[in-house]
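Remarks on the structure that follows.
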Amino acid sequence: MAFDTIQMVDLQGQHHRFQEEIDAALQGVINSTAFINGPAVKDFATNLSRYLDIPHLIPCGNGTDALQIALMALGLQPGDEVIVPAFNYIAATEAAALLRLTPVAVDVDPYTFNIDPAKIEKAISPKTKAIIAVHLFGQACPMDTILQMARSNGLYVIEDNAQSIGATYTFPDGTVKKTGTMGDIGTFSFFPSKPLACYGDGGALATTNKELAQKIRMIASHGQQVKYYHKVVGCNSRLDSLQAAVLNVKLNHMDEFAAARVKVAHGYNNGFTGHKGIITPQQIPESTHIYHQYTIQVGENIRTALQHALKAKSIPSMVYYPVPLSGQEAFRNIIRIPEELPVTEKLCKTVLSLPIHTEMDTLQVEYIIRQVLESYSSLSSKFSTEK
Ligand SMILES: *Cc1c(COP(=O)(O)O)cnc(C)c1O
């Protein structure tokens, strides 16, 4: 197996495996010319709602739109506060800011990278209306605590499930739910690198609440239920039929995709445990992990050099995410930060995501482990003698 072709995500390899089926599905849409809201889109909504076991599933244009539509459907008003994790992709905070809501950034857990419920509690003010629980890198947030906290404070919960579709969470009473189906609204992205991916942009919202589902549908369709009669100010956000056709094929293989990534992650865990200086990602017992990312933590003085050393051996790596949301220039006068964010600030300097995808083989995983350990030990001895 070639070691000079390792990628963070192997879209080509996965496409080749399903090419015939996907080509036929795409050709079917083209022949039908039902490009917008065609049968493929309706089928996908049905298929995904069945997979997630949730009654209402509304496809939309992308995961960022899904977050904005969710905030609009909940009727949040300018000045309302929305709690978000400070260690996160930009989308949730951006959607809140666009609607003139106030994003409130709170710190995360140092080992799972997910929002820390203890920090949420301290950030709640009389203006707080919602919590956005982002299931980061492939596993669920501690939803039992978050939902209880939301209930006792009268807050909505939006789950940003762009990265963890297919993961499950077990409640203390034994109930098992899929991520994206536990809060008021779950949002999804099907961007090409996500765990369920199309060949362009795509997204969706899920809810158990029929009224909310109607509002979501209306908002995503120019605020209309009947064509040309606009009840509210909405937007235009649609999943197109070609993307839905791709998703219908891939959805059938979701659990097998997750299993392939979990195998890679377990290989990494075995390879790295016991190595001082490399912190492996932790999983909470209540959640399964689908490993959208495999993210280690290394010394902040070593990270950049390690990335260079790996690159020289044809191993790509990425930093998700280099800057806390609270440090983004765009949000300087918008975001509220009730408490310091030491965990997020440290993570931004120490996290490193390694290649993980559905096409990786054991030899590649072993090669990467060997190179990470070798590079790490030579770098750490170099840095310690310099001091
Ligand atoms: C990718 C992503 C989004 C946004 O999805 P798009 O489809 O690219 O708009 C939102 N939240 C998280 C956590 C993401 O990773």
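The values are calculated or read from the model by the stated rules, or taken from the named source; none is laboratory data. Worth saying up front: this structure is predicted, and the values here are computed from it rather than measured. FYI the Cβ positions are ideal-geometry reconstructions off the backbone, even for glycines, and counts take in every protein chain you see. For accessibility, only protein heavy atoms count, side chains too; no ligands or nucleic acids. Shrake-Rupley method; radii C 1.70, N 1.55, O 1.52, S 1.80 Å.
Tabulated data
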item	result
Matching residues, the range 106-121, being free of Cβ contacts under 8 Å to residues at least 40 places away in the same chain and of a type in the set (A, V, I, L, M)	I115, A118, I120
The range 182-216, residues that are away from the ligand (no atom under 14 Å from the Cβ) and open to solvent by less than 10 Å² (accessible area, probe 1.4 Å)	A206, T207, A213, I216
Residue check, I158 within 15 Å of the ligand (Cβ to nearest atom) and either touching a Leu at 6+ places or on another chain (Cβ under 6 Å) or without any contact (Cβ under 8 Å) to a residue 24 or more places away in the chain (or both)	no
Test: residue in the range 354-365 that is of a type in the set (A, V, I, L, M, F, W, C), assigned to a helix (DSSP H, G or I) and surrounded by 19 or more Cβ atoms within 10 Å (Cβ to Cβ)	yes
Any hit, the range 139-162, residues being among the hydroxyl-bearing types (S, T, Y) and under 20 Å from H292 (Cα atoms)	no
Unique match (being β-branched (V, I, T) and without any contact (Cβ under 8 Å) to a residue 12 or more places away in the chain) among T295, T273, T288	T273
Scope the range 84-100; condition within 16 Å of the ligand (Cβ to nearest atom) and either farther than 18 Å from S189 by Cβ or touching a Phe, Trp or Tyr at 6+ places or on another chain (Cβ under 8 Å) (or both); matching residues	A86, F87, N88, Y89, T93, A97, L99
Hits in the range 239-272 (condition: among the polar types (S, T, N, Q) and closer than 21 Å to G200 by Cα)	S241, Q243, N248, N252
Of all residues making up the range 300-348, the number that are among the aromatic types (F, W, Y) and in a helix (DSSP H, G or I)	1
Matching entry among V9, V29 (being open to solvent by less than 70 Å² (accessible area, probe 1.4 Å) and not in a helix (DSSP H, G or I))	V9
Selection status of I120, within 18 Å of E159 (Cβ to Cβ), within 16 Å of the ligand (Cβ to nearest atom) and open to solvent by less than 10 Å² (accessible area, probe 1.4 Å)	no
Criterion: open to solvent by 70 Å² or more (accessible area, probe 1.4 Å) and in contact with a helix residue (DSSP H, G or I) (Cβ under 8 Å, 6 or more places away or on another chain) - qualifying residue of K349, K313	K349
Number of positions in the range 274-299 that are part of a loop (DSSP other than H, G, I, E, B) and over 24 Å from K382 (Cβ atoms)	11
Qualifying residue in the range 239-254 (condition: more than 16 Å from the ligand (Cβ to nearest atom), acidic (D, E) and either surrounded by 20 or more Cβ atoms within 10 Å (Cβ to Cβ) or not in a strand (DSSP E or B) (or both))	no
